[in-house]
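Bear in mind that the values in this text are calculations on the coordinates, not laboratory data. Note that the structure is predicted; figures quoted are calculated from it, not measured. We place every Cβ from the backbone using ideal geometry, glycine too, and count neighbours over all the protein chains shown.
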Amino acid sequence: MKDLFKRRETSLFVIILILAAAVGFRAHDFVTPGNFLFIFKDSSILFVVSIGQFLVILTGGIDLSVASIMGFTGMSVALLDKVNPNMPLVVIILAAMAIGFVLGSFNGLLVSALNIPPIIATLGTLSIYRGFVIVLSGGTWVSADQMAAPFRDFPQASFLGLSNMICIAIVVFAVFAVFLHLTRKGRDIYGIGGNMLASQYVGIDVKKTNFMVFALSGILSGLAGYLWVAFYASAANDSAAGLELQTVAACVVGGVSILGGYGTIAGVLLGSIFIGVVKNALSMIRISPFWQVAIQGFVILLAIVLNTVLDRRAQASMLKRRVL
Amino acid sequence: MTGQKSGTETSARAGTSRDGASRTRAHSLRNLATQWEMLLVYLLVAVFLVNSFISPYFLNAPNLLDSTFNFMEKAIMALPMMLVIICGDIDISVASNLALTSVFMGMASAAGAHTPVLILVGLVVGSALGWFNGMLITRFAIPSIAVTIGTLSLYRGIASVILGDGAYTVYPRSFAYFGQGYIPGTHVPFELVLFAVLAAGTGFLLHKTSFGRRVYAIGNNQTTTRFSGVNVDRYRLIAFTLNGLAAGIASILLTSRVGSTRPNIATGWELDVITTVVLGGVAITGGRGKIWGVALGVFLLGFLQFGMGLVNIPGQVMNIADGFILIIAIMAPELIRRGRAKASLSARRAAKAP
Amino acid sequence: MEEPLLRLNGISKRFPGIRALDNVSLSVHSGEVHALIGENGAGKSTLVKILSGVLPPSEGEIYLEGRRVAFRSPHESQLVGISAIHQEATMFPELSVTENIFMGHHLTKRGFIGWGSMEKRTRELLASLDIGIDPRSKVKTLSFAERQMVEIAKALSINTKIVIMDEPTSALTLREVEHLYKIVRQLVADGKAVIFISHKFEEIYEIADSYTVLRDGAWVGEGQVKTSTVDQIVRLMVGRSLDQMYEKTEVAPGPVALKVDHLTRNGVFKDISFELRQGEILGFFGLVGAGRSEVMRVLFGIDRADGGEISIGGTKVAIRNPAEAMRQGIALVPEDRQLQGAILAMNIRENMTLPIISNLAKHRILRREAENEIAERYGSMLQVKSAGWEAPVNSLSGGNQQKVVIAKWLATNPRVLVLDEPTKGIDVGTKATVHKFISELAARKIAVILVSSELPEILGMSDSVIVMHEGRITARISRAEASPEKVMLAATAATAGHGGERSPL
């Protein structure tokens, strides 16, 4: 019980509740089931991409290209759907994930085979992939009426009474919770983020694992890319631009160490919801949406500083307890 | 070298032969470093040829000088970014810094400030934002990537909060000189001259002063440098503050050149600035890099982009080329180094072995 | 004679310019503890690295149960049954004890990790070793000794046949050492073999059955512990007597140069007081983790003291950073040459002038002649062997790198020179040069602190010896009274009888 209160996830959850209550006090529309459903739907896209970012950060890297991958896959599948309106949705979604996989793999190659620091490699591909979007679209966009009904309606539809978006978030959560907690490959990710040398000593293939996290990040970004264009019913050249920073925010707010090796999937979920709540709250209490980027930057800094300070304090008290 | 017994005579003689050896050694080392710069020169010549093939007016002197307007702001930002990267850090918030600084100048101008005040606002705000990065990084010992990802978002965010969907478009007439003017009586842009002066200053600082020596030392081994009595964090803080100052200067130039402050000002410029530095042969891991390389990188990337503009390649597609140039520029020395490393690896292992 | 469990045949390891191991052979049988003996730098660690797959041998073969084996990675050596308890940090601090034991070979059932069975197995392993640690606690919360126990449990979890322990007792309390011995005996009783690396004799006689001695990278002898005397082993190990090795000039000590009063850093060391005179060499001895280097770090302003006073030449000083320490005339040749001492990628001249670069510069502008002069003066004084002062430090041998670091600090013209493990990992020839040089410095009235883990070095060089244990000074012994037994006893705090108080085991 005591442990539960000490955990960052718990305190973050409490902070979200307080925030929601405070906003609800000012704007009664905020605390309606409809609005919460919207927040969850909206956050589920962020959550899906953030899981990819989370995997990369766990290894000690970062993936700045996630939003560009989303933009490119979103545009690709929107065009695909525009040209073949009868293509089954499953194929579309699989195509999105496959395209994401290819782009993510390229990042993975740069980092693992060529030893390029992740920040530099993905800063480069952030531009490259975004440039591809324009090349692909010729500078135009795909609007709602050019999309086939199943393509466009999927995010609004529900499965067994639960919104499809939330279903997808739940599936992603479940799959990656199992992956990270119950498979060797998942534990390897924690291993190389925690101690690279030791991981090599026990036979973990560091290069392969590095490649894998970027490829997975690409697949998840691909999936999210489809969800984005379908949810907002438009595929623009700047779809999801800037979202990479929100994914970093979701992770660090969720207690993921920016140095790698530490973090939980529940933390990332709460981090994503936190960002979603803030975004929604701004519009509810009629604060200009322009605040969102500033708040996000502030939250990233605050979370990183707090994570660092708390961690260091814990270490210092441990040291004192040990000797003398 | 033969065994050195003792006594001054032996060591004096050894000294001479050492000098000879050191000369050849230093020579080959210099060769190694200049290879990259020579490559940049060849590439620059190639870009010139292609550009003048595309446009017969390209090599016309006034046109050529005017074309530098397009990249001098980025060039100036690349100079202290070089310091930051040699220190082993990185700052991806520079473009957001530029935007926020421009917004402050816009506010000042809207409040009726004259040109000298605007300049002062630009320099102070830019430096302060850079200092804030450095302060967070050194005070809390947080990686610079993490901090500047945060301020990238924070600075741009504050700028857009202030701007909303508006823009500042009224600046004093005399303010236009900095980004649009020429040195009186010539056709040389002020921006170009300013860059040349600042580049010379940066080169002097890095290569000729004790400050520069310590910066290289920090980038190569922070711990040893700290153990050698250098206040490492102060140097890093200075590097980040200078980086902010340069963003402020660039903000003055750009705002003056386009005559307005709009929300999307300089978006994505951090990529160009970092690409320039890396293309100039500065090791992304810190500790290595020369001003000549970065200067060549500035003109190579600048004229390349100008050339792409000549054939009407849209800006965002140009980014594809930028991204690839960044990755290739990082990859190439790494691959070359791998080849060479094989030779020296064994030497280093010997040093490590007990 | 039965085939030994492990047999090394003619193992050599060459690095450019250095023969780290030369034709070493070794046999270990199951059910025995085999001591690998040698001074620092004798090649023990290189041999361990080869056995555990970190380095490949240049020549020679390894046979396990009569079959020839070769490993390309530590993992491969573990797979065939050799586990090394490394001195380096090879743990995952943020992860649980269970996971540290099973990282890389998690138990799975139909592809999924079985946490329950892993935890159960961990409990069994820990219980069998009589270690009272919660399998769920994070490794970062464990003490050094507990981490070592976890490493042993980890070796057992993969059914290892041979456990290599590299100076495992160097940072343990007496009680922890007793526990470790118990575990080692249990391992050999189970038919495993233990290779125990040490240079402490009481330990070897306590625990080992057979031994192999290395000196300067070469095999010099082997035998059964029972039938060998300490003298025999020492002669093999050292190959020469103590006084031959250490040329020490007698110096009449001058006035007090440095006085330290009740210096304390919370949780690290406490109540450190001593005086150091000009021309005196003061030895600091202790086991790894005793707090010697930490005291020196505070003296040099790298860490802050929480209490106590430091006086230089009779005046109280506050040393807040290394620059301040340098102004007070203190210089520190740090423990880790490559990480703290030298900048490997920069050249000799730049390394030597780094601490004094602003003095050499005029109006902050570098003056090359002044730099060359410093490099020439101190480089030749220490007889640095190199291709010139413009050669990068990583092109030098370890010994010459260390000379560059010492030269770098001499160039600051110190009154007090602190040398932290100055001869760690350098060859015997260079070692002698360094010792001779230290002695000369003292003769030039420089006050010297010599921190070393090598007992012969401490005894051979020091005018008096301060011994530390668990952050406190446990003895001050003059040169005349110093004997290996006395010093070692104080270092393990055997007399004090409170050795194990912090151990939760």
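Values for this structure:
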| read-out | value |
| --- | --- |
| Alpha-carbon Debye profile of chain C, log10 I(q)/I(0) at 0.06, 0.10 Å⁻¹ | -0.31, -0.86 |
| Separation between Cα centres of segment A:7-65 and segment C:101-162, rounded to whole Å | 36 |
| Kirkwood hydrodynamic radius (C-alpha pairs) into Stokes-Einstein, chain B, 20 °C and 1.002 mPa s, D in µm²/s | 97 |
| For chain A, built as a Gaussian network whose Cα springs stay under 10 Å, the top-fluctuating residue of A:Gly267, A:Gly138, A:Gly71 | A:Gly138 |
| Which of C:Pro168, B:Thr151, A:Gly52, positive extreme of dipole for the protein assembly as shown (C-beta unit charges) | B:Thr151 |
| Of C:Ser83, A:Ala121, B:Leu100, farthest towards positive along the dipole that unit charges on Lys, Arg, Asp, Glu beta carbons give the protein assembly as shown | B:Leu100 |
| Highest to lowest packing among C:446-453, C:58-65, scored as the average C-beta count within 10 Å | C:446-453, C:58-65 |
| Calculated on alpha-carbon atoms, Rg and Dmax of the protein assembly as shown in Å | 32.6, 100 |
| Cα gyration tensor shape of segment C:370-465, rounded if a/c is under 1.5, else prolate or oblate by comparing a/b with b/c | oblate |
| Listed residue pairs exceeding 18 Å between alpha carbons, taken from C:Lys445/C:Lys486; C:Lys259/C:Lys403; C:Lys140/C:Lys161; B:Lys208/B:Lys290 | C:Lys445/C:Lys486; C:Lys259/C:Lys403; C:Lys140/C:Lys161 |
| Within a Gaussian network of chain A (alpha carbon springs, distance under 10 Å), most fluctuating of A:Ser127, A:Ser105, A:Ser50 | A:Ser127 |
| Alpha-carbon gyration tensor eigenvalues x 5, square-rooted, for segment A:66-171, Å | 28, 18, 11 |
| Inter-label distance for C:Asn321 and C:Arg367, nm, one decimal - labels placed 7 Å from Cα along Cα-to-Cβ | 2.5 |
| Ratio Rg/Rh [Cα only; Rh per Kirkwood] for segment C:6-243 | 0.98 |
| Total charge dipole magnitude, segment B:232-327, about the Cα centre, Cβ charges on Lys, Arg, Asp, Glu only, Debye to nearest 20 | 220 |
| Estimated inter-spin distance, A:Asp145 and C:Tyr63, nm [label 7 Å along Cα→Cβ] | 8.7 |
| For chain A, calculated [θ]222 nm from helices alone, where every DSSP H run of n ≥ 4 adds -39500 (n - 2.57) | -25000 deg cm²/dmol |
| Relative contact order, percent, segment B:179-293 [alpha-carbon distance under 8 Å, six or more residues apart] | 31 |
| Fewest-first sequence of B:Arg156, A:Arg7, B:Arg288 by Cβ atoms within 10 Å of each Cβ | A:Arg7, B:Arg288, B:Arg156 |
| For chain C, size of Cβ-based charge dipole, Lys and Arg +1, Asp and Glu -1, in debye | 1180 |
| Helical segments meeting 20 Å axial Cα length and Kyte-Doolittle -1.0 threshold in chain B (DSSP H) | B:8-54, B:72-86, B:94-110, B:115-139, B:144-163, B:190-208, B:232-258, B:291-310, B:315-352 |
| Two-site label geometry, A:Thr32 and B:Asn60: point separation in nm, points 7 Å out along Cα→Cβ | 6.5 |
| Cα-based Lys proximity count in chain A, under 22 Å, for pairs eight or more positions apart or on separate chains | 5 |
| log10 of Debye I(q)/I(0), alpha-carbon scatterers only, for segment C:342-413 at 0.18, 0.23, 0.26, 0.27 Å⁻¹ | -0.58, -0.93, -1.17, -1.25 |
| Segment C:179-218-segment B:104-159 distance, computed between alpha-carbon centres (Å) | 62 |
| In degrees, nearest ten, helix C:368-381 long axis to first principal axis of chain C (Cα) | 60 |
| Proximal aspartates and glutamates to C:Lys424, defined as alpha-carbon separation beneath 14 angstrom and excluding residues fewer than eight positions away on the same chain | C:Glu39, C:Asp216, C:Glu335, C:Asp336, C:Glu454, C:Glu457 |
| Stokes-Einstein translational diffusion, segment C:278-352 - Kirkwood Rh over all Cα pairs, 1.567 mPa s, 4 °C, in µm²/s | 91 |
| Helical mean residue ellipticity (222 nm; -39500 (n - 2.57) per DSSP H run of 4+; nearest 500) of chain C | -9500 deg cm²/dmol |
| Within segment B:36-334: Cβ-based charge dipole about Cα centre, in debye rounded to nearest 20 (Lys, Arg +1; Asp, Glu -1) | 660 |
| Overall form of segment A:12-118 per C-alpha gyration tensor (a/c, 1.5; a/b vs b/c) | oblate |
| Length-normalised contact order of chain C in % [C-alpha pairs under 8 Å, at least 6 apart] | 16 |
| Segment A:2-315: Rg to Rh, with Rh as the Kirkwood radius over Cα pairs | 0.97 |
| Most mobile listed residue (A:Leu55, A:Leu109, A:Leu46) in chain A, GNM with C-alpha springs under 10 Å | A:Leu109 |
| Listed residues C:Ile233, C:Val184, C:Ser12: farthest to the positive end of the dipole of segment C:6-243 (Cβ charges) | C:Ser12 |
| Rounded, prolate or oblate (a/c below 1.5 giving rounded, otherwise prolate when a/b exceeds b/c) for segment A:180-324 by Cα gyration tensor | oblate |
| Segment A:199-239 versus segment A:112-181: alpha-carbon centroid distance in Å | 8 |
| Whole-number percent relative contact order across segment B:36-334, with pairs defined as alpha carbons under 8 Å at least 6 apart | 35 |
